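Beneath this line is the structure, given in C-alpha cells, with notes to follow.
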Amino acid sequence: MFNKVVSRLASLSKTLTVVESSCGGLISASLMSVPGSSRVYRGGTVAYDTKRAKKLLLDDDELHARLIKPVVISDDNDDEVSAYVNSKKHWSGEAAKAYCAKVGTDYAVAEAGATGPTFRPEGLETGFSVISVADRNGLVAQRVVRSTHNDRERNMRLFADAAATLLSIAIDGRLDRATKSRDDRAQLEAWEREGSFVVVKGNKMLASEDDGGLARLAAAPPNGTKTFLGLVDDKPYFSVDVDDAFSGKFVDTRTRAPLLPALDATLAIQATALATWQRRSAWCASCGGPTDLVSAGTRRECRNCGAVVFPRQDPSIIVVVESRCGCYALLGRSPRHPPLVHTALAGFVEAGETFEDAVSREVEEETGVVVDAGSVAYLGSQPWPFPQSVMVAFSATADHTQPLQVDPAELEAARWFDRDAVREAARVTDAAVMDPKVADSIRHQHPDLRCIIPPQGPSENLLFYVQIENYELTVTTRQRPG
Ligand SMILES: [Zn+2]
C-alpha cells in the first residue's frame with residue numbers, strides 16, 4: 001500500500017516525516033522499501049527518550065521534554081487498558097503535529113503501540129498500535145489498530161498499511177460542498193470548463209477501465225443530468241446521471257463504494273444519492289405538477305405551485321448489541337445475504353419516533369431481545385443512499401441469556417458471537433462480501449470462519465455497514481484542517 005502513497009507524494013512533490021515511539025521503525029522500514037521513497041521521506045525512527053529525538057525537534061528543549069514524558073490519561077471509569085491506549089493516542093497525535101511543524105514536511109505519521117511478542121501490556125495480549133497523521137494545519141486522522149496475534153512481521157505490515165490508508169486521506173483531501181456557490185451561474189459555468197466529472201446511471205457508477213476505481217472524466221458526457229458536487233482543493237467536481245444510451249463499465253455503487261479510497265467513495269455516494277433523488281422527484285408531492293431542477297441539481301421547484309423540494313434522507317438505525325460482560329455481540333443473518341454473512345441489526349426509524357426507541361424496538365422485533373434501559377449510545381453516522389437512507393449507528397447492551405425469538409419475516413437467524421469469531425471475521429478485509437461469488441470464495445479460503453462480516457474498507461470517513469471488529473464500532477472522521 002505504501003507504493004501508492006509514495007508515488008502520490010512524489011508526483012505532488014510532497015514530503016513526509018515518520019516518527020515512531022519504540023517499535024523499531026516499522027513504518028519507516030515499509031516506506032524505505034519502496035523505490036523512489038527518498039524523494040518523499042525526511043523523517044527518522046526515534047524513541048521517546050533518545051537524544052536524537054531532540055535533534056530532530058531542532059533542539060527545542062520544551063517540546064522535547066513534553067514529548068518524551070508519557071502522559072497517562074485516566075479517570076475513575078477507565079480501566080488500565082483504556083488509559084494506556086489513550087496515552088498512546090495523546091502521544092502519537094502530539095508527536096505527529098510537532099514533528100511535522102518542526103521538520104517542516106508536508107505530512108507526518110506517528111506510531112505508538114506494541115507489535116508483540118516482546119512487549120505485552122497487561123490486558124493487551126496481542127499487537128496494537130495508534131497511528132496519527134498530521135499535515136501543516138494539525139491532526140488529520142487517527143486510528144487505533146488492533147491485531148489478533150503477535151506475529152511481529154504481520155503486525156508491522158498491518159500497522160504500516162493502516163498508516164498508508166490514513167496518509168492517502170490526508171493527501172487526497174476532502175470534498176467541500178461549496179453550498180453558497182450553487183446559485184452562482186457564472187461561477188458554475190467557469191467551473192464546468194475545468195471540472196472533473198463522475199458518471200452514474202441511477203445507483204451504478206462508471207468504473208475506470210484500468211483499475212476498476214471511480215472514473216473521472218475531463219468532459220461531461222452529453223445528454224445527462226449534471227449536478228455540482230463541490231470542490232476538492234479548489235478543483236470542481238460534478239456528477240452526470242446518464243441514461244442507457246451511454247455505455248461503459250458500470251458497477252453497483254452499493255457494493256463497490258465501500259472499497260474505494262475515501263474521497264472517491266464520498267464522490268460516488270453523493271452522486272448516487274442525488275441521481276436517485278432526482279429520478280424519484282420529477283413530480284410535485286403537493287400538487288402533482290412537474291418540477292424543475294435548480295441550484296446546480298441540488299433542489300427542485302414545482303412549476304405549478306412553486307413548492308421547493310430538497311433531497312431527503314430517511315434515518316435508519318444500526319446497532320451492535322453487546323452482552324453485559326462484553327464478551328458477545330448479537331448479529332443477524334438476512335435471507336437476502338450470502339451464506340454465513342452476518343450484520344449488525346438495522347431498521348428504519350418510524351414517524352414520530354426517537355432513534356433510541358427505534359433501536360430498542362427493532363432489536364426486540366427482530367430477535368426478541370430486550371436491550372438494557374439507558375444503554376443505547378450514539379456512535380456515528382453514514383449516508384446510505386440505497387435508495388435514500390442515512391445510517392445512524394448505536395451500541396447497546398442486553399442480557400445475553402434471554403431467549404432469542406427471531407422474526408422470520410425479518411431475519412433468517414440471529415446469534416450471539418464471541419469476540420474470537422468476530423475478530424477472525426474482521427481479518428477478511430477489502431472484499432465485497434455481499435457479492436455471493438466473493439462470499440463463496442471467502443468461505444473456501446477460510447473454512448474455519450463462524451461468520452462473515454461486511455468490510456470496513458479503506459474509507460476512513462465513511463462507516464459502511466458499520467464495522468464491528470472487537471465490538472468497537474470504528475468511527476473515524478477526518479477533522480477539518482485548522
Ligand atoms: Zn406543486
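The values are calculated or read from the model by the stated rules, or taken from the named source; none is laboratory data. The model shown is predicted, which means the values in this text are computed figures rather than measured ones. Because the Cβ atoms are built from the backbone with ideal geometry, glycine has one as well, and the counts that use them run over all protein chains shown. Each accessible area value is taken on the protein alone, full model and side chains, heavy atoms only, with ligands, DNA and RNA left out. Shrake-Rupley method; radii C 1.70, N 1.55, O 1.52, S 1.80 Å.
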TODO: Amide H neighbours of Phe394 under 5 Å, at least 5 residues apart or on other chains, H built in the peptide plane: list them.
DONE: Ile318, Val319, Val320, Leu379
- [ ] Can you tell me the FRET efficiency between Ala377 and Leu12 if r is taken as the Cβ-Cβ distance and R0 is 35 Å, rounded to the nearest 0.05?
- [x] 0.30
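Report the full-extension gain for the segment Thr255 to Arg450: residue separation times 0.36 nm, less the Cα-Cα distance, to one decimal in nm.
Details: separation 195, 0.36 × 195 = 70.20 nm, distance 2.22 nm.
Residue separation times 0.36 nm, minus the Cα-Cα distance, leaves 68.0 nm.
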TODO: Provide, as a two-decimal number, the C-alpha radius of gyration of the stretch 142-237 over 2.2 N^0.38 Å, N being how many residues it has.
DONE: 1.50
Open item on the list: If I take R0 = 35 Å and measure r between the Cβ atoms of Gln313 and Asn137 in this structure, what FRET efficiency does the formula 1/(1 + (r/R0)^6) give, to the nearest 0.05?
Closed with: 0.70
Task: Separation of the Asp79 and Asp61 label points, Cα + 7 Å toward Cβ, nm - done: 4.3
- [ ] Enter the Cα centre distance for the pair the stretch 381-458 and the stretch 244-313, rounded to the nearest angstrom.
- [x] 29
Task: Spin-label model distance (nm) - Leu217 vs Glu192, 7 Å beyond Cα toward Cβ - done: 1.4
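When you count, for each residue, the other Cβ atoms within 10 Å and take the mean per peptide, how do 194-203, 268-277 rank with the highest first? List each step's numbers first, then the result.
Numbers: 194-203: 20.2, 268-277: 24.3.
Most protected by this proxy first, the peptides run 268-277, 194-203.
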Task: Cβ crowding within 10 Å averaged over residues, with 416-428, 305-317 ranked highest first - done: 416-428, 305-317
Open item on the list: For the pair Phe348/Phe246, report the inter-label distance in nm, with labels modelled 7 Å from Cα in the Cβ direction.
Closed with: 2.9
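Considering the convex hull of the alpha carbon atoms of the stretch 155-293, report its projected area averaged over all viewing directions, in nm², one decimal.
Working: hull surface 41.5 nm².
The orientation-averaged projected area of the Cα hull of the stretch 155-293 comes to 10.4 nm².
Grab the beta carbon distance between Ser208 and Ser286, set R0 = 51 Å, and tell me the FRET efficiency rounded to 0.05. Walk me through the numbers before you get to the answer.
Working: r = 42 Å, r/R0 = 0.81.
Calculated value: 0.75.
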Open item on the list: Quick check: residue separation of Asp233 and Phe386 times 0.36 nm, minus the Cα distance between them. What number comes out in nm?
Closed with: 52.2 nm
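Hey, if we sort Met205, Met156 by accessible area with the 1.4 Å probe, largest down, what's the order? The partial results should precede the final answer.
Values: Met205 0, Met156 35 Å².
The most accessible residue leads, giving Met156, Met205.
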